[in-house]
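Report on the structure given below.
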C-alpha cells in the first residue's frame with residue numbers, strides 16, 4: 001500500500017497514480033463532526049454536488065456521531081465512485097482518540113469493500129483542534145491497521161489492501177502532513193507487527209521461533225541482538241524463569257536488543273516484555289475456556305519487539321534496551337509445582353503457591369538482569385493479571401510505578417496517543433500479602449488487590465530504579481470487533497511507548 005500526501009484546492013479531488021496510469025479514486029473519505037452544517041474542509045466541494053451531502057446531514061441520515069459511517073454512491077460533482085462520511089463526534093470534544101476511531105472506522109469500511117484507490121480529506125485544526133501532522137499520522141495508522149486482521153489462516157480474507165491512499169490537505173500544510181504520514185506508517189507497521197505475533201497460533205510462535213523472529217528483525221534494522229539459551233540462563237542464575245519453562249518441550253530464551261541512538265554516556269531505558277508464548281497455567285491448570293486466548297500471553301514481548309523496531313526505523317536519539325523473556329508454561333512430569341521454593345537471580349527466595357502466576361517469575365529474573373546490565377529506568381509490559389481487567393475493564397492499561405515523574409511521562413504519552421491508561425496505588429501495605437512462612441516471599445498475594453500485589457512482587461527486582469509496570473491483560477486482546485478495530489490482538493501501548501521515548505513528543 002502506497003500512502004502519500006497531495007494538495008487539495010477545496011474542490012478538485014486529485015487522481016490516484018497507479019502503475020497503469022492516473023485514475024479516479026474509488027473512494028473519498030470525508031470527516032464530519034456532529035453538526036448540521038458541512039465541515040469547513042469540504043464545504044466548497046459540497047457546492048459542486050448541489051448540496052447533496054449537506055442534505056444528508058440535515059435529513060438526520062448521518063449525524064456525525066463518533067465513528068459513525070455512511071457510504072454514498074455516485075455523488076454528482078465529485079470525482080470518486082463512492083463517498084464515505086465518518087463521524088468525529090461533538091465539536092469541541094474531539095480528541096486524538098475519537099479522531100483515530102473515526103479514521104479507523106472509515107478505513108475498515110473501505111478495506112472490506114475491495115477498494116483499489118482511496119482519497120481522504122484530512123480534517124483541519126479548526127475542526128479537530130489537532131494539527132495536521134497528528135491528523136496525517138492517525139490516517140496512516142488507520143489504513144495500515146484496517147488492512148490487517150486476525151484472519152491470518154482463512155482461505156479467503158474479508159479485507160483487501162488498497163494500492164494507493166492519498167491524504168489530501170491544503171498546499172501550505174503539505175510538508176508537515178507528509179512528516180506525520182511517514183511517522184504514522186512506521187507506527188502502523190510496528191502496531192501490526194505486534195498484532196501479527198500475538199494473533200499467530202502457538203504451534204508457530206514458541207520461544208525458539210519468536211527468538212528467531214527477533215534475531216531477523218534486529219539484523220534487518222541494525223539493532224544489536226543477544227540470545228540467551230538454557231545454559232546461558234543457568235549461568236545467569238535465572239532460576240525463576242527456568243522453573244516456569246521446565247514443563248515444556250520448548251526451551252526458554254531471553255532476547256536482549258539494543259538501539260544506541262544517543263551518546264554512550266547517555267542513560268539507557270529498558271523495555272522488558274513478558275513472553276509466555278502459551279500459558280496452560282501449569283499444574284494450577286486453567287479451564288479449557290481460560291486457555292483459549294492464551295496465545296496472547298506473549299503480548300508484552302511482542303510489544304517490546306515492535307517498539308524497538310519502530311525506534312530503529314525512526315532513528316530515535318535515545319539509548320534503548322529491549323528484553324524479551326520467552327517461555328511456555330506447560331504441564332508435564334517435569335513441571336514446577338505449588339510448594340516449590342525458587343531462588344531468583346537477585347537471591348530472593350520465592351514460595352510458589354500458584355503455577356499460573358508464572359509471568360511475574362519470568363519478569364523477576366529479566367528485570368533484575370536489565371538492572372544489572374545498565375538500565376537507568378525501566379518499563380515492563382505484561383498480560384499479568386485478570387484482577388487488572390476486573391478493576392479497569394477490557395480497554396484500559398493499569399500503570400504501577402515507584403517513580404511519579406517517570407509514570408507521568410508515560411501517562412502523558414498514552415493520552416497523546418489516544419490510549420487509555422490509569423495509575424494504580426502502590427502503598428507499602430500491599431506487600432504484606434506476599435509474606436511467606438517458608439521463603440522471602442510468595443508469588444501470589446490473595447484475591448484482594450491482585451493486580452497491585454503482582455506489581456509489588458515485581459518491585460522487589462528493580463533495585464529502586466525508576467520503573468513503570470504496564471498490565472495490558474485487558475486491552476492487548478479484544479474478544480470481539482468494533483467499528484474501529486478488529487477482534488484479536490490490538491498492538492496496544494506500541495504508540496504510547498514510542499511517543500514516550502521520542503524527545504520532541506515530550507515537549
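Per-structure values
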quantity: Enumerated strands (runs of 3 or more DSSP E) restricted to segment 38-143, each holding at least 1 residues that are under 23 Å from residue 413 (Cα atoms); calculated: 80-89
quantity: Tabulated pairs, segment 402-414, first closer than 15 Å to residue 472 by Cβ, second at pLDDT 95 or above and part of a helix (DSSP H, G or I), C-beta under 7 angstrom, 6+ apart or interchain; calculated: 410/496; 410/500; 413/496; 413/499; 413/500; 414/496
quantity: Index of the failed condition, residue 469 passing every other in (1) within 19 Å of the chain's Cα centre (by Cα); (2) surrounded by fewer than 21 Cβ atoms within 10 Å (Cβ to Cβ); (3) at pLDDT 95 or above; calculated: (2)
quantity: Filter pass, residue 341 being at negative phi, surrounded by fewer than 21 Cβ atoms within 10 Å (Cβ to Cβ) and modelled with pLDDT of 95 or more; calculated: yes
quantity: Answer residue from segment 161-181, given it is out of contact with any helix residue (DSSP H, G or I) (no Cβ under 6 Å at 6 or more places or on another chain) and within 30 Å of residue 296 (Cβ to Cβ) and is surrounded by the fewest Cβ atoms within 10 Å (Cβ to Cβ) among those; calculated: 161
quantity: Set 107, 178, 173: member being at pLDDT 95 or above and within 21 Å of the chain's Cα centre (by Cα); calculated: 107
quantity: Test: residue 146 is in contact (Cβ under 8 Å) with a residue 12 or more places away in the chain, more than 26 Å from residue 315 (Cβ to Cβ), surrounded by 24 or more Cβ atoms within 10 Å (Cβ to Cβ) and touching a helix residue (DSSP H, G or I) at 6+ places or on another chain (Cβ under 7 Å); calculated: yes
quantity: Long-range neighbours under 9 Å by Cβ, at least six apart or interchain, first residue in contact (Cβ under 8 Å) with a residue 40 or more places away in the chain and in the same structural domain as residue 53 (by TED's automatic domain parsing) within segment 81-96, second in a strand (DSSP E or B) and surrounded by fewer than 15 Cβ atoms within 10 Å (Cβ to Cβ); calculated: 81/73; 82/71; 82/73; 83/71; 83/73; 84/71; 85/71
quantity: Scan of segment 155-213 for residues that are in contact with a strand residue (DSSP E or B) (Cβ under 6 Å, 6 or more places away or on another chain) and over 28 Å from residue 15 (Cα atoms), ordered by number; calculated: 195, 198, 199, 202, 205, 206, 207, 210, 211
quantity: All positions within segment 329-349 that are over 24 Å from residue 294 (Cα atoms) and touching a helix residue (DSSP H, G or I) at 6+ places or on another chain (Cβ under 6 Å); calculated: 342, 343, 344, 345, 346
quantity: Where residue 207 falls short, out of the listed (1) in contact with a helix residue (DSSP H, G or I) (Cβ under 8 Å, 6 or more places away or on another chain); (2) closer than 30 Å to residue 342 by Cα; (3) surrounded by fewer than 18 Cβ atoms within 10 Å (Cβ to Cβ); calculated: (3)
quantity: Counted residues, segment 451-461 - those being touching a residue at least 60 places away in the same chain (Cβ under 8 Å) and over 24 Å from the mean Cα position of the chain (by Cα); calculated: 3
quantity: Tally, over segment 269-286, of residues that are touching a helix residue (DSSP H, G or I) at 6+ places or on another chain (Cβ under 9 Å) and either surrounded by fewer than 24 Cβ atoms within 10 Å (Cβ to Cβ) or under 18 Å from residue 203 (Cα atoms) (or both); calculated: 11
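To keep it simple, each residue is scored yes or no on (1) within 30 Å of residue 315 (Cβ to Cβ); (2) within 21 Å of the chain's Cα centre (by Cα); (3) outside the structural domain of residue 328 (by TED's automatic domain parsing).
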{"residue": "201", "(1), (2), (3)": "no, yes, no"}
{"residue": "215", "(1), (2), (3)": "yes, yes, no"}
{"residue": "219", "(1), (2), (3)": "yes, no, no"}
{"residue": "223", "(1), (2), (3)": "yes, yes, no"}
{"residue": "234", "(1), (2), (3)": "no, no, no"}
{"residue": "245", "(1), (2), (3)": "no, no, no"}
{"residue": "253", "(1), (2), (3)": "yes, no, no"}
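To keep it simple, each residue is scored yes or no on (1) under 14 Å from the mean Cα position of the chain (by Cα); (2) surrounded by fewer than 24 Cβ atoms within 10 Å (Cβ to Cβ); (3) within 14 Å of residue 260 (Cα to Cα).
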site: 300; (1), (2), (3): yes, no, no
site: 312; (1), (2), (3): no, yes, yes
site: 318; (1), (2), (3): no, yes, yes
site: 322; (1), (2), (3): no, no, yes
site: 329; (1), (2), (3): no, no, no
site: 333; (1), (2), (3): no, yes, no
site: 337; (1), (2), (3): no, yes, no
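The values are calculated or read from the model by the stated rules, or taken from the named source; none is laboratory data. It should be emphasised that the depicted structure is a prediction, and the values quoted were computed from it without experimental measurement. Cβ: placed from backbone, ideal geometry, glycine included. Neighbour counts: every protein chain shown.
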